[in-house]
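Below is one structure, written out as structure tokens; the observations come after it.
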Amino acid sequence: MFRSGFVNIIGNPNVGKSTLMNILTGERLSVVTSKAQTTRHRIMGIINGEDYQIVYSDTPGIIRPKYKMQEAMMDFVHTSLTDADVIVYVTDVIETPDKNGEYPEKIAKMDIPVLLVINKIDLTEQENLNRLSETWTGLLPNARQIPVSAKEKFNVHAVHQAIVASLPEGPAYFPKDEMTDKPDRFFASEILRGKIFEHYRKEIPYCSEVIVESFKEEERLIRIQTLIFVERDTQKSILIGKKGAALKKTATAARKEMETFFAKKVFLETFVKVRRDWRNDEKYLSGYH
Ligand SMILES: Nc1nc2c(ncn2[C@@H]2O[C@H](COP(=O)(O)OP(=O)(O)OP(=O)(O)O)[C@@H](O)[C@H]2O)c(=O)[nH]1
Ligand SMILES: [Mg+2]
């Protein structure tokens, strides 16, 4: 019997969804940073076993949308609730369970296997974990709970095993050599966006967006031209920095990570442009997928 399914990872911002997804897929498909709202898209990662295929989706952390881009982000979360075969709901030992809004209630009513991953157990004591676990049993009585530390790769294998055991019977949805549904240029833009999250403070990460204008793979290197949007001139000058130093540092870090990801030399160009209010721009966000 062959088993397959969409395994969708959801939960609040910053609980470790992308870290977990990267370990489960063995690839750095999803950007991880210490800041909340790092993930903006639904990112699929596919893994194959002899008699199963798992199609993971990492999703943006659940928030109340304040602007159109965040609405688009939350649409990814809603869709991944409706098309899931298995739900992996992630929480951590830091957030209080009552900060999870209506989602646990929705999920508790669903008729599919639910795994509750309690992450970051490296940061707490057994006693606190027991308390949390009890509270979560009340919120998600249908879920199987698995405490892990994604960062230390502790007990993540148990998550994998529980998923495989929960998969319904079905065919492989994607060819065996496919790792993800997203094209290379998407990962190029995500890697640069991740570096912006790491290198800048305050609002800069949230008001920036990266677009790959051209992506040309040649025999010995990949030429990538990117455009970074910000919303105001002041943000543009912060992004670029004195004599371009800040941008150069960010772009170099991004180039290095791209070279590892694509296993090839990368020639990266970055331009910065002001595009007022892009986060509310319907026309731009209609291409957001
Ligand atoms: N101590 C500890 N930190 C962790 C663990 N797992 C993830 N983190 C850290 O938590 C932060 C957030 O991790 P992400 O994987 O980006 O979280 P996310 O849920 O995808 O966040 P959003 O995409 O913003 O919703 C990062 O700094 C991770 O290194 C863990 O098991 N222990
Ligand atoms: Mg994430």
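What follows draws every value from the coordinates through simple rules; no lab data is involved. Bear in mind the structure is a predicted one, so any value in this text is a computation, not a measurement. With ideal geometry, Cβ positions are generated from the backbone for all residues, glycine too; neighbour counts draw on all protein chains shown.
Report, largest value first, the span of the C-alpha coordinates of the chain along each principal axis, in whole Å.
56, 41, 37
Show which aspartates and glutamates lie in cross-link reach of residue 236 when reach means a straight Cα distance below 17 angstrom and same-chain residues fewer than eight apart are skipped.
Result set, ordered by chain and number: 198, 203, 209, 269, 277.
For the range 104-171 and the range 242-287, what is the separation of their Cα centres, given in Å?
Result: 35 Å between the Cα centres.
For the range 1-80, with only Lys/Arg (+1) and Asp/Glu (-1) charged at the beta-carbon, what is the dipole magnitude about the Cα centre, in debye rounded to 20?
The dipole of the range 1-80 has a size of about 460 debye.
How big is the shadow of the Cα convex hull of the range 170-289, averaged over all directions, in nm²?
Computed as one quarter of the Cα hull surface, the answer is 9.4 nm².
Give the lysines whose C-alpha is closer than 20 Å to that of residue 99, dropping any in the same chain fewer than 8 places away, or say none.
Qualifying lysines at Cα under 20 Å: 17, 35, 66, 109, 120.
Which residues in the range 9-28 place their backbone N less than 19 Å from a point set 7 Å from the Cα of residue 256 along the Cα-to-Cβ direction?
It comes to 28, nothing else.
With springs only between Cα atoms under 10 Å, which of 138, 16, 61 fluctuates most in a Gaussian network model of the chain?
Checking each option, the largest mean-square fluctuation is seen for 138.
Can you list the GluC sites (Glu not before Pro) in the range 77-171 that are in a DSSP coil and have 10 or fewer other beta carbons within 10 angstrom?
When the GluC sites (Glu not before Pro) of the range 77-171 are filtered for loop state and at most 10 Cβ neighbours within 10 Å, 102, 125 remain.
Using only Cα atoms, tell me the angle between helix 245-262 and the longest principal axis of the chain; keep it within 0 to 90° and round to the nearest 10.
50 degrees
Could you work out the Kirkwood radius for the range 3-166, taking every pair of different alpha carbons, averaging 1/r and inverting it, reported in Å?
The answer is 15.7 Å.
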